[in-house]
């Protein structure tokens, strides 16, 4: 899949642009090390620094170089947004740009994303940000949202809320219990990776929705790759599978956090129904 271009910006090896709070940096670093379940020895070995120096950095007794901040963040697989936060906490300028997808300088990236979504027709496809807010979609997606509570379609439209809310798509999902468990597990993994408080609040909200009645799971689930999806529509029940795609090697915060959710028909009847819907 094509990767939209972007350029990191940084302050090179210039002096720090702001006063350093070594304790704040050390706490952030320790947080990410513990989230990745690494000991100081493990991280020091991976980042090629001494354990003693790493300990001093974590406790605020030593200041990290900019190169060391980036090396530690890389070894900890810290998201670009949080890498910027680590740099700022260490007294350096942020390195990675964050521009709204609708910004003029993102026109090429936006056009590439829309082209991917459009080429997926007549199957539904959409693009979401890190908080699962709908950013873009192909023309099939709105056709499947008829009858949803208008309040849930007010921007920003949250895809998880739309899927699991009783006034949204939840009553139309035949295997809601399995689909709900799948989505909530993905959200938990995302919270574990990012420590994002907005996602944590969203998880609490979704867990408070009424529990769906027990139903037998659909076959064909491949954890982390494909998920079956049975969806009732006026045109009949659609048997679909969904998969998620992210952009490879982005150097822009917005692009790293962008996810494409694409659906494919799982049988000939569903394919025919979607083609008829697109042609109507």
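Since every read-out is calculated from the coordinates, none of them should be taken as a lab result. Remember, predicted model here, so these are calculated numbers, not experimental data. Cβ: placed from backbone, ideal geometry, glycine included. Neighbour counts: every protein chain shown.
Between residue 65 and residue 189, the modelled label-to-label distance comes to 3.7 nm, taking each label 7 Å out from Cα in the direction of the beta carbon.
The Cα atoms of the stretch 22-89 give a gyration tensor whose axes a ≥ b ≥ c have a/c under 1.5, which makes the shape rounded.
Where the centre of each part is set by its Cα atoms, how far does the stretch 229-280 sit from the stretch 92-148, in angstrom? Between the Cα centres of the stretch 229-280 and the stretch 92-148 lies a distance of 13 Å. How far is helix 268-279 tilted off the main Cα axis of the chain, in degrees rounded to 10, range 0 to 90? Long axis of 268-279 versus the principal axis of the chain: about 90 degrees. The C-alpha atoms of the chain define a longest principal axis, and helix 176-194 lies at about 20 degrees to it. Using just its DSSP H runs of length 4 or more, each adding -39500 (n - 2.57), the chain gives a mean residue ellipticity at 222 nm of -12500 deg cm²/dmol after division by all residues. Between residue 237 and residue 114, the FRET efficiency estimated from the beta carbon spacing at R0 = 25 angstrom works out to 0.30.
On the basis of the beta-carbon distance and an R0 of 51 Å, residue 139 and residue 27 show a calculated FRET efficiency of 0.60. Dividing the mean sequence gap of close Cα pairs (under 8 Å, 6+ apart) by how many residues the stretch 22-89 holds gives a relative contact order of 42 percent. The C-alpha atoms of the chain define a longest principal axis, and helix 80-89 lies at about 30 degrees to it.
Each Cα pair under 8 Å and six or more residues apart adds its sequence gap; the mean of these over the residue count of the chain is a relative contact order of 20 percent.
Per-residue extension of 0.36 nm, minus the Cα-Cα distance of residue 276 and residue 53, leaves a gain of 73.8 nm for this segment.
On a per residue basis, the convex hull of the C-alpha atoms belonging to the stretch 104-279 measures out at 130 Å³.
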